[in-house]
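J.: Sharing a structure, written as structure tokens. Questions coming.
The values are calculated or read from the model by the stated rules, or taken from the named source; none is laboratory data. Quick caveat: nothing in here was measured; it's all calculated off a predicted structure. Because the Cβ atoms are built from the backbone with ideal geometry, glycine has one as well, and the counts that use them run over all protein chains shown. These accessible areas exclude ligands, DNA and RNA; they are computed on the full protein's heavy atoms, side chains included. Shrake-Rupley method; radii C 1.70, N 1.55, O 1.52, S 1.80 Å.
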Amino acid sequence: MAEANWYVVHTYSGYENKVKANIEKTIENRHLEEEILEVRVPMQEVMEMKNGARKNVQKKMFPGYVLINMVMNDDTWYVVRNTRGVTGFVGPGSKPVPLSEAEMKPLGIRVENVSVDFAEGDTIAVVAGVWKDTVGVVQRMDYGKQTATINVELFGRETPVEISFAEVRNLK
């Protein structure tokens, strides 16, 4: 079987989630689970000020675009290209170009898997990044994003913080 890559699909602005739902429904109906592996609308958390109150909200990183992890062939290209709301793949002409590893890294999509020697409930030390020299207990592991969530004391309060697997080590 051919290798799956991440591709960018251009959509009508505001239709990103509808396109994602339509493609996922088509995958299910046509049994393309082995060829179209994942559909994402990249989101980021942004602090907004409304009526003098701070509020964390989720905003689309790239309005008008959807990311798809798929094996490119005539069938999958046709399914995605003819989904309502899709205007086309990103690439020259009608030839889709897969994202490189360097382009995927800032999106939180990891290709390489980091093996870890800790699990939920273990105490770990942060050895790099903003939270360097912080110790915490792993509350949650996200293998897709390659992150661990630990509780850190911040302003006298326990606060959950997401740390990359590459920035921590186990304190066994």
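J.: What ³J(HN,Hα) values, in whole Hz, does the Karplus curve 6.51 cos²θ - 1.76 cosθ + 1.60 give for the range 125-139 when θ = phi - 60°, with x put for Gly and Pro?
T.: 10, 7, 10, 7, x, 5, 9, 3, 6, 9, 10, x, 9, 5, 9
J.: Next question. For the range 36-156, which whole-number percentage of the solvent-accessible area (1.4 Å probe, protein heavy atoms only) is attributable to carbon and sulfur atoms? Let's see the in-between values first.
T.: On the way: 3830 of 7550 Å².
That fraction is 51 percent.
J.: Further question on the same structure: Which cross-chain or sequence-distant (5 or more) residues have an amide H under 5 Å from the amide H of Thr147, H modelled 1.01 Å from N in plane?
T.: Asp142, Phe165
J.: Another one. Could you give each residue of the range 6-20 its phi-based ³J(HN,Hα) in whole Hz, using Karplus coefficients 6.51, -1.76, 1.60 with θ = phi - 60°, and x for Gly or Pro?
T.: For the range 6-20, the Karplus curve yields 8, 10, 10, 10, 8, 10, 5, 4, x, 9, 4, 5, 5, 4, 4 Hz.
J.: Let's test the formula: R0 of 25 Å, r as the Cβ-Cβ distance of Thr123 and Arg157. What FRET efficiency results, to the nearest 0.05? Working shown, then result.
T.: Values: r = 19 Å, r/R0 = 0.77.
With a Förster radius of 25 Å, E is 0.80.
J.: Around Glu45, under 11 Å between beta carbons, what's the net of Lys plus Arg minus Asp minus Glu among the other residues?
T.: Working: positive: Lys55, Lys59; negative: Glu48, Glu162.
So the surrounding residues net to 0.
J.: Then there is this: Need one number: nm distance between label points at Glu33 and Val130, each 7 Å from Cα along Cα→Cβ, rounded to one decimal.
T.: Placing both labels 7 Å beyond Cα along the Cβ direction yields 3.8 nm.
J.: Along the range 45-54, what does the Karplus equation 6.51 cos²θ - 1.76 cosθ + 1.60 (θ = phi - 60°) give for ³J(HN,Hα), rounded to whole Hz, x for Gly and Pro?
T.: 8, 10, 8, 10, 9, 10, 6, x, 10, 7
J.: A further question follows. Under 15 Å from the 7 Å Cα→Cβ point of Met61, by amide nitrogen: which residues of the range 8-35?
T.: Correct set: 8-9.
J.: With a point put 7 Å past each Cα toward its Cβ, work out how far Asn82 is from Lys18 in nm, to one decimal.
T.: My value for the distance between the label points is 2.0 nm.
J.: For Thr26 and Asn170 in the same chain, what is the full-extension length gain: residue separation times 0.36 nm, less their Cα-Cα distance, in nm?
T.: Between Thr26 and Asn170, full extension yields 47.6 nm more.
J.: Another question, if that's okay. When the scattering of the chain is computed by the Debye formula from its Cα atoms alone, each counted once and equally, what is log10 I(q)/I(0) at q = 0.09, 0.12, 0.13 Å⁻¹?
T.: -0.43, -0.71, -0.80
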